[in-house]
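J.: Pasting a structure here, questions to come.
No lab work stands behind these numbers, since they all come straight from the coordinates. All values derive from a computational prediction rather than experimental measurement. Cβ coordinates were reconstructed from backbone atoms using ideal geometry, including for glycine residues, and neighbour counts include every protein chain displayed.
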Amino acid sequence: MRRSEFDRAVADEFGDRGPSLLTDLVLSEVGDRTPAEALRAGVPPRDVWLALCAETDVPPDRRYGVGRLDPHRR
């Protein structure tokens, strides 16, 4: 997952709450850091995304493959 895909996935899943989740929610799965801190520390976006999904109870069917553009829209 690229950072741009991560950003798109957060926006699609969390909408207006996304930015505050990235800066306020502490995730134990990425070293007790917020998603923004984890990304700055070099944690792969995919790992941060999965930790964020687990913490916020995003259903598994909405965790994988998100954030990618439709190949026809490229």
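J.: Might you report the magnitude of the Cβ-based charge dipole of the stretch 3-60 about its Cα centre, with Lys and Arg at +1 and Asp and Glu at -1, to the nearest 20 debye?
T.: That gives a dipole near 200 debye.
J.: For the stretch 23-40, take each phi angle, set θ = phi - 60°, evaluate the Karplus expression 6.51 cos²θ - 1.76 cosθ + 1.60, and give the result in whole Hz per residue in order, putting x for glycine and proline.
T.: Those phi angles translate into 9, 10, 7, 8, 10, 5, 5, 10, x, 6, 10, 6, x, 4, 5, 4, 5, 5 Hz.
J.: What percent do you get for the relative contact order of the chain when only Cα pairs under 8 Å and 6+ apart count?
T.: Here the relative contact order equals 36 percent.
J.: Please give the net charge around residue 41, taking every other residue with its beta carbon less than 14 angstrom from that of residue 41, where Lys and Arg add +1 and Asp and Glu add -1.
T.: Overall, the nearby charge balance is -1.
J.: Under the rule of at least 5 residues apart or a separate chain, name every residue whose amide H is placed under 5 Å from the amide H of residue 33.
T.: 27
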